[in-house]
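Trainee: Take this structure, written in structure tokens, and hold onto it; I'll ask about it next.
The values are calculated or read from the model by the stated rules, or taken from the named source; none is laboratory data. Treat the numbers as computed from the prediction; the structure is a model and nothing was measured. Glycine gets a Cβ as well: all are built from the backbone with ideal geometry, and neighbour counts include every protein chain shown. When the accessible area is computed, the model is the full protein with side chains, heavy atoms only, and any ligands, DNA or RNA have been set aside. Shrake-Rupley method; radii C 1.70, N 1.55, O 1.52, S 1.80 Å.
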Amino acid sequence: MASSSKAPLRVLTGITPSGTPHLGNYVGSIRHSVRQSVAPGVQSFFFLADYHALIKVQDPALIQRSTLEIAASWLACGLDPERVTFYRQSDIVEIPELTWFLTCVTGKGVLNRAHAYKAQLDKNVAKGEDPDADVTAGLFMYPVLMGADILMFNAHKVPVGRDQVQHIEMARDMAQRFNHLYGDHFTLPEAEIDDAVATLPGLDGRKMSKSYGNTIPLFAPRAQLHKQISSIVTDSRAPGEPKDTEGSALFQIYQAFASAEETETLRKAYADGIGWGDAKQMLFERIDLEVAPLRERYEALMNDPAQIERTLLLGAEKAQALSKPFMTSLRHAVGLRNLAAGKDKVQAKTAKVAKPSFKQYREKADGLFYFKLLDARGETLLQSRGFASPQEAGRTIAILQAQRGEALAELAGQMEPIGTEKIRAVEEALEALTETTPGTTSGS
């Protein structure tokens, strides 16, 4: 689904309500996303991923409380519900329906490679347990639900950490497969990784995470914030001894809040042998300087949950103004139609789409140009290696279309290896292409 150059850039961000927001959530997502939401030419979508929370949290009170805390945190940090679309995932009933549509075009082999699923399997195997122990269908299907979150609003960009890039790639694959079968409906989303956004260490030096229990709550009372910062693990070097900034959790957290000049001052203090107690006091004062005004707003919102509920319901109405008609068109595309409407011309369009095709694209990672040969179901039959220009890739496609099976051996060095069982399928697909007008399609 190509977007007009005049259309706004759609950016979608979600956070799972599975615990209390902490400083890592703030510097890694909330602060950056709120700032980005006011950029000109950007249409922002923010959602509370409460369906996702059900995968790992079976405490209803915790999910409700966390949803309230995260909504209040975003609003307290400056998210403007008038300017953005701010909603609760479970209020958009079209999302689970789209999840099913995508489930029906997503190969199990794709989901077998999902990092979270594989990590659980590896953990079970290491413990000598059944590989699928404690693996729910929810965990296995998590990437499809995430794909539905993204594709429902045809987001162009999805800010994520590097560990989530795989899910964006899966969403692209789902969109391509659906588009190939049913026509051009979905934009191909792209992961947006900002390396300037900090990943904070926690109290013990590991990544700040609820799963490690090493977090510092974002809006902890001032006294509690001071106490937790005082408990950050440091080494045994005494006051007067030079200290390393490399690997220092305390220094990394300070850097995420401080200006370049402030950071340099602390760096020099480390070299001069600042005592850990004084360094922790500097960190506390710098964090509280930024968080204290937001904390006041947060506490007011937490004391008025009805206001947050109204805000989310209004956001759901805004979101469903897009999701309802879009879902209607998708239902029609897959054949869930009014039986009294008679024979539909879309049937002919669908039949035309469902043929072998070449997909030509450019990889951002290396800047090279690639192509795939897809069968009528959208499965990859042949994958090229990188070309320096789109013209070279196009010429290679033209040779394959003209010479078909004869060209496979000659061009083997420019293709990823394929098994002998696939060669016949490639040849048949190339033969089928001669019955139609040759061409390529471009991905984003």
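Trainee: I need to check one value: relative contact order of segment 184-340, counting alpha carbon pairs closer than 8 Å and at least 6 residues apart, in percent. Write out the running numbers ahead of the final one.
Mentor: Working: 117 pairs, mean separation 30.4, N = 157.
After rounding, I find 19 percent.
Trainee: Same structure again: With charges set only on the Cβ (+1 for Lys and Arg, -1 for Asp and Glu), what does the dipole of segment 50-107 come to about its Cα centre, in debye to the nearest 20?
Mentor: Working: 4 positive and 8 negative charges, 33 e Å.
So the dipole magnitude of segment 50-107 works out to roughly 160 debye.
Trainee: Here's a follow-up. Would you mind telling me which residue in 304, 194, 366 has the biggest mean-square fluctuation in a Gaussian network model of the chain, where springs connect alpha carbons within a distance under 10 angstrom?
Mentor: 366
Trainee: Follow-up question, since we're still on this one. Suppose every K and R has +1 on its Cβ and every D and E has -1 on its Cβ; what is the size of the dipole of the chain about the Cα centre, in Debye to the nearest 20?
Mentor: Working: 50 positive and 54 negative charges, 214 e Å.
Dipole of the chain, to the nearest 20 debye: 1020 debye.
Trainee: Relative contact order for segment 231-289: what is it in percent, counting Cα pairs under 8 Å that are at least 6 residues apart? Kindly include the intermediate steps, with their values, before the conclusion.
Mentor: Numbers: 52 pairs, mean separation 26.6, N = 59.
Result for segment 231-289 is 45 percent.
Trainee: How many angstrom lie between the Cα centre of segment 34-81 and the Cα centre of segment 90-133?
Mentor: With segment 34-81 and segment 90-133 each reduced to a Cα centre, they are spaced 23 Å.
Trainee: Counting DSSP beta bridges with both partners in the chain, what percentage is antiparallel, nearest 5?
Mentor: On the way: 13 of 31 bridges.
The antiparallel fraction comes to roughly 40 percent.
Trainee: Where does each of 26, 370, 51 land when they are ordered by accessible area, with a 1.4 Å probe and the largest first?
Mentor: Working: 26 10, 370 35, 51 70 Å².
The residues order as 51, 370, 26, largest area first.
Trainee: For segment 1-121, what class follows from the C-alpha gyration tensor (a ≥ b ≥ c being the square roots of its eigenvalues): rounded when a/c is under 1.5, otherwise prolate if a/b is larger than b/c, else oblate? Please report the intermediate quantities before stating the final value.
Mentor: Numbers: a/c = 1.78, a/b = 1.13, b/c = 1.57.
Oblate, since a/c reaches 1.5 and b/c is not below a/b.
Trainee: Under the classification rounded if a/c is under 1.5, otherwise prolate if a/b is larger than b/c and oblate if not, where does segment 68-201 fall, given a ≥ b ≥ c as square roots of the Cα gyration tensor eigenvalues?
Mentor: Details: a/c = 1.73, a/b = 1.19, b/c = 1.45.
The shape class here is oblate.
Trainee: Same structure again: What value, in deg cm²/dmol to 500, does the helix sum -39500 (n - 2.57) over DSSP H runs of n ≥ 4 give at 222 nm once divided by the residues of the chain? If you can, show how the numbers build up before the last one.
Mentor: Numbers: 17 runs with 221 residues, N = 444.
Dividing the helical sum by the residues of the chain leaves -16000 deg cm²/dmol.
Trainee: Return the subset of 318/359; 123/422; 318/364; 108/422; 157/207; 210/364 for which the Cα-Cα distance in this structure is over 31 Å, preserving the input order.
Mentor: On the way: 318/359 35 Å; 123/422 34 Å; 318/364 33 Å; 108/422 19 Å; 157/207 25 Å; 210/364 33 Å.
Violating the 31 Å limit, Cα to Cα: 318/359; 123/422; 318/364; 210/364.
Trainee: Mind telling me which of 16, 103, 265 comes out most flexible in a GNM of the chain, alpha-carbon contacts under 10 Å?
Mentor: 265
Trainee: For residue 423 and residue 165, what does the FRET efficiency come to when R0 = 22 Å and r is the distance between their Cβ atoms, rounded to the nearest 0.05? Let's see the in-between values first.
Mentor: Values: r = 32 Å, r/R0 = 1.46.
Plugging the Cβ-Cβ distance into 1/(1 + (r/R0)^6) gives 0.10.
Trainee: Specify whether the C-alpha gyration tensor of the chain places it in the rounded, prolate or oblate class, a ≥ b ≥ c being the square roots of the eigenvalues: rounded for a/c under 1.5, otherwise prolate if a/b is larger than b/c and oblate if not. Intermediate results must be reported in sequence, preceding the final value.
Mentor: On the way: a/c = 2.24, a/b = 1.64, b/c = 1.36.
Here the chain falls in the prolate category.
Trainee: A further question follows. In nanometres, what is the gap between the two model label sites at residue 236 and residue 336, each 7 Å from Cα along Cα-to-Cβ?
Mentor: With each label placed 7 Å out from Cα toward Cβ, I get 6.5 nm.
Trainee: Please report the carbon-and-sulfur percent of the accessible area for segment 224-369; probe 1.4 Å, protein heavy atoms only, DNA, RNA and ligands left out.
Mentor: On the way: 4620 of 8470 Å².
Result for segment 224-369: 55 percent of the exposed heavy-atom area is carbon or sulfur.
Trainee: Mean separation of Cα pairs under 8 Å and 6+ residues apart, divided by the residue count of segment 1-145: what relative contact order is that in percent? Mind dumping the intermediate values first?
Mentor: Working: 139 pairs, mean separation 35.3, N = 145.
Here the relative contact order equals 24 percent.
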